[in-house]
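Colleague: Please see the structure below; I have some questions.
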Amino acid sequence: MCGIVAYIGSKQCQQLLLEGLKRLEYRGYDSAGMAILDAGRLDLAKAVGKVANLEDKLETIGGLRGTLGLAHTRWATHGGVTEPNAHPHTDDKVGIALVHNGIIENYAALKTYLEEKGHVFKSQTDTEVLAMLIGELYEGDLEKAVQAALREVTGAYAIAVICEKEPDTLVVARKGSPLMLGIGNGEFIVGSDPAAIIAHTAQAVPLDDYNVAKVTRSGFRTTDIHDVPVTPKVMQLELDLEQIELGSFAHFMQKEIFEQPKALRNTLRGRLETREGRVVLGGVARLDKELTKARRVILTGQGTALHAAMIGEYLMEDLAKIPAVAEYASEFRYRNPIVEENTVVVAVSQSGETADTLAALREARERGALSLGVVNVVGSSISRETDAGVYLRVGPEIGVASTKAFAGQLTVLAMLTIYLGRKRFMSADQCADLMRELERVPDKVDRILESDQRIRKVTEGLVDRENWLFLGRGYNYPTALEGALKLKEISYIHAEGMPAAEMKHGPIALINDGMPAVFIANKGRQYDKVMSNIQEVKARGGRIIAVATEGDDQITRLADDVLFIPEITEPLSPMLAVVPLQLMAYHAAVLRGHDVDKPRNLAKSVTVE
Ligand code: F6R
């Protein structure tokens with residue numbers, strides 16, 4: 001999604017802003033731009049496409065000079081991918097430049113009002129309307145003009161604003177879209193993501209909704225949009241540069257797939273007291289009493305996070321014996337859901353900023369649910385708005401396709417299941433057994449990763465096919481959905497995931513000679529049924545790729561290709577079964593020549609509904 005970086009200090013800031021934009025590239029974007037203020041004059045540069053195009057443009061025009069500036073990567077919402085629509089946007093009265101993430105929902109009415117006042121617009125964006133409005137309301141004080149404009153807008157925003165008339169002022173604000181103010185030594189760096197800041201400082205103030213910060217070279221103050229002072233909460237960013245650099249890997253997605261064993265050890269560290277059969281989740285302990293009373297769990301998220309939530313639903317019902325349901329956050333929010341007493345809503349999200357998930361969480365809280373976050377990014381909106389939560393601790397995920405976060409989500413949901421289950425039907429021994437299995441998962445993932453080259457070879461034989469099926473049952477039905485999502489989002493191959501049994505209710509008509517059908521066919525309660533489903537596809541000429549348990553000879557005779565995973569208890573099997581699917585998707589995208597880390601049309605963090 002869009003990215004913001006802004007700077008005020010004593011350094012020439014063009015290079016710093018460009019580097020910040022490059023660190024935000026992973027979020028997904030289609031154009032980029034920058035504005036720098038020098039000697040009371042604003043200079044701008046914009047380019048469609050990659051940040052490298054903006055860099056070329058800057059070189060052609062001899063660069064921008066100045067120590068106060070802002071920059072942006074845009075992911076188009078209102079108006080096509082063109083230079084005039086790229087940010088920063090300016091007003092036509094006082095020399096405002098503004099960058100914006102989010103959507104101004106009432107932009108049309110504001111635009112009509114501003115046009116009646118004689119303003120002429122150059123773009124089709126909602127953002128330009130906000131720039132014009134701030135200019136219109138400017139009476140010699142940028143902070144006040146921004147506050148006044150924000151009182152008029154509805155929608156979501158993270159903004160950074162500068163003005164030719166105030167060469168020592170940067171104003172930033174947020175509602176519904178993340179923004180943080182990095183505090184450096186005699187300088188401030190603003191970013192929509194810690195990745196844009198961390199090279200300069202680890203101290204930052206994450207802005208809350210409706211916060212406005214006026215930043216000068218000598219300090220900053222925070223208020224709300226009515227100018228009521230707000231006490232800033234300074235936090236330490238838990239991120240080091242190495243974590244957001246590629247090292248010896250070709251792509252972030254590859255790095256993150258291979259980081260999974262280490263990431264999972266981190267997720268588990270200090271949280272399992274296996275001998276006692278007890279899980280220690282510091283973040284939720286204070287809600288112990290309320291959680292003991294929980295009668296129903298609603299797990300919600302989008303995309304990969306929803307697939308993790310679906311596995312969470314199986315875990316909670318099967319093991320903890322709590323009625324559970326997983327639901328798209330976007331659907332939950334708008335279907336007037338019934339939230340009974342003692343309902344717990346679990347918001348699952350890597351970024352903690354997904355607009356749909358945030359909105360569902362707010363809806364559930366509004367209706368009286370207790371809320372838990374299963375989130376990766378520390379200090380993100382979801383982590384701050386939930387009553388309690390458990391962080392994934394898998395480190396920053398840069399690749400757009402979520403991999404290690406999914407593994408972390410499954411691990412946390414398994415721990416949460418044990419935590420809740422122990423309060424009801426799970427015995428200490430049963431919990432301890434599951435915990436021992438959990439502890440072995442990182443080593444088992446390591447073993448699967450050793451077969452990377454074989455998985456690549458198998459993928460080579462399939463990569464020209466444009467339609468694939470992913471099929472699984474029980475715990476691995478959501479794994480099948482995840483396999484299909486991974487493949488389609490980065491290789492642009494059409495893939496459908498579904499319960500293996502559902503196939504014969506329609507999709508079987510699709511099967512033709514050599515169509516890849518990936519079955520998750522590990523040993524488990526429904527193994528025999530999956531075998532029958534494999535026979536059905538095979539009989540119609542489909543090509544069978546099976547993810548199976550090591551030592552399974554039967555599957556070797558049946559499938560065209562088998563990708564083995566180590567033996568594991570069924571409820572945790574998705575944590576292993578997904579790994580070959582991630583690697584297949586990765587290799588398919590590389591073999592087809594796609595930009596794995598920046599797939600077309602996608603954004604890492606979807607902060608619009
Ligand atoms: C797929 C993917 C997306 C995200 C979804 C939710 O690989 O990354 O489907 O899982 O947009 O994002 P978070 O987890 O940040 O809420």
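No value in this document is a laboratory result; all are computed from the given coordinates. Remember, predicted model here, so these are calculated numbers, not experimental data. A quick note on method: Cβ atoms are made from the backbone with ideal geometry, for glycine too, and the neighbour counts reach across all protein chains shown.
Colleague: Pop the C-beta distance of Ser248 and Asn185 into the FRET formula with R0 = 25 Å and round what comes out to the nearest 0.05.
Modeller: Between Ser248 and Asn185 the formula returns 0.15.
Colleague: I need Arg557, Arg365, Arg174 ordered by Cβ neighbour count within 10 Å, fewest first.
Modeller: Ranking Arg557, Arg365, Arg174 by Cβ neighbours within 10 Å, fewest first, gives Arg557, Arg365, Arg174.
Colleague: Next up: Considering the zone a paramagnetic label at Arg384 would reach in this model (a point 7 Å from Cα along the Cα-to-Cβ line), which residues of region 133-161 have amide N under 15 Å from it?
Modeller: 157-159
Colleague: What number, rounded to the nearest 500 deg cm²/dmol, is the helix-based mean residue ellipticity at 222 nm of the chain, given -39500 (n - 2.57) per DSSP H run of at least four residues and division by all its residues?
Modeller: -10500 deg cm²/dmol
Colleague: In a solvent-free Debye calculation with one equal scatterer on each Cα, what is log10 I(q)/I(0) for region 321-418 at q = 0.20, 0.21 Å⁻¹, listed in the order of the q values?
Modeller: -1.00, -1.09
Colleague: Roughly how many nanometres apart are two label points built 7 Å out from the Cα toward the Cβ at Asp513 and Thr112?
Modeller: Between Asp513 and Thr112, the simple spin-label model gives 6.1 nm.
Colleague: How long, wide and thick is region 393-530, going by the Cα atoms along their three principal axes, in whole angstroms, largest first?
Modeller: 51, 36, 24
Colleague: What's the extension gain from Asp318 to Asp209 if we count 0.36 nm per residue and subtract their Cα-Cα distance?
Modeller: That pair, Asp318 and Asp209, stretches by 35.4 nm at full extension.
Colleague: What is the percent of Cα-Cα separations in the chain that go past 48 Å?
Modeller: Of all Cα-Cα distances in the chain, 16 percent exceed 48 Å.
Colleague: Suppose we keep just the alpha-carbon trace of region 246-450; what are its Rg and Dmax in angstrom?
Modeller: Final numbers for Rg and Dmax: 16.3, 51 Å.
Colleague: If you split all Cα-Cα distances of region 109-162 into 5 Å bins from zero, what percentages do you get per bin, shortest first?
Modeller: Whole-percent P(r) values from 0 Å outward: 4, 19, 34, 25, 16, 1.
Colleague: Order these peptides, 403-409, 486-492, 60-66, by their mean beta-carbon neighbour count within 10 angstrom, highest first.
Modeller: Put in order of decreasing packing, that is 403-409, 486-492, 60-66.
Colleague: When the convex hull of the C-alpha atoms of region 125-195 is computed, what volume per residue in Å³ does it have?
Modeller: 99 Å³
Colleague: Please label the shape of region 3-243 as rounded, prolate or oblate, based on the square roots a ≥ b ≥ c of the eigenvalues of the alpha-carbon gyration tensor (a/c under 1.5 means rounded; beyond that, a/b larger than b/c means prolate, else oblate).
Modeller: It is rounded, given that a/c, with a ≥ b ≥ c, falls under 1.5.
Colleague: Further, regarding this structure: Assuming 0.36 nm per residue, please report the length gained on full extension of the stretch Thr154 to Leu137 beyond their Cα-Cα distance.
Modeller: 4.4 nm
Colleague: On a 0 to 90 degree scale, rounded to 10, what angle separates helix 126-137 from the longest Cα axis of the chain?
Modeller: 30 degrees
Colleague: At 7 Å along Cα-to-Cβ for each site, give me the label-to-label distance between Arg465 and Lys504 in nm.
Modeller: Here the modelled spin labels are 2.0 nm apart.
Colleague: Given labels modelled 7 Å from the Cα in the Cβ direction, how far is it in nm from Asn53 to Val228?
Modeller: 4.5 nm
Colleague: Still on this structure: How long is the gain from Glu105 to Glu290 if the chain were fully straight, where each residue apart is worth 0.36 nm and the alpha carbon distance is subtracted?
Modeller: The span from Glu105 to Glu290 would gain 62.8 nm if fully extended.
Colleague: Please list, or write none, the lysines whose alpha carbon is within less than 21 Å of the alpha carbon of Lys262, excluding same-chain residues fewer than 8 places away.
Modeller: Straight-distance partners of Lys262: Lys404, Lys444.
Colleague: Give me the net charge for the shell around Pro499: Cβ to Cβ below 11 angstrom, other residues only, Lys and Arg +1, Asp and Glu -1.
Modeller: Residues near Pro499 contribute +2 overall.
Colleague: Enumerate the whole-percent occupancy of each 10 Å bin, from 0 to the last occupied one, for all C-alpha pair distances of region 1-121.
Modeller: Histogramming region 1-121 at 10 Å steps yields 14, 44, 31, 10, 0 percent.
Colleague: Counting other beta carbons within 10 Å of each residue's own, what order do Leu150, Leu44 fall into, fewest first?
Modeller: With the sparsest Cβ surroundings first, the list reads Leu44, Leu150.
Colleague: Still on this model: To test your reading of the geometry: what angle, between 0 and 90 degrees and rounded to tens, separates the Cα axis of helix 355-366 from the longest principal axis of the chain?
Modeller: 80 degrees
Colleague: Taking a quarter of the surface of the Cα convex hull of region 448-596, what do you get in nm²?
Modeller: 7.6 nm²
Colleague: Angle between the Cα long axis of helix 51-60 and the longest principal axis of the chain, 0 to 90 degrees, nearest 10?
Modeller: 30 degrees
Colleague: If the cut-off is a Cα-Cα distance under 18 Å, which aspartates and glutamates reach Lys289, setting aside same-chain residues fewer than 8 apart in sequence?
Modeller: Glu340, Glu341, Asp387
Colleague: Fewest first, what order do Tyr586, Tyr419, Tyr334 take by the number of other Cβ atoms within 10 Å?
Modeller: Ordered by Cβ neighbours within 10 Å, fewest first: Tyr334, Tyr419, Tyr586.
Colleague: Let me ask something additional. Distance cut-off 23 Å, Cα to Cα: go down the list Lys122/Lys144; Lys175/Lys604; Lys457/Lys486; Lys117/Lys144 and report the pairs above it.
Modeller: Lys122/Lys144
Colleague: How much of the DSSP beta bridge set in the chain is antiparallel, as a percent to the nearest 5?
Modeller: Within the chain, antiparallel bridges account for around 60 percent of the total.
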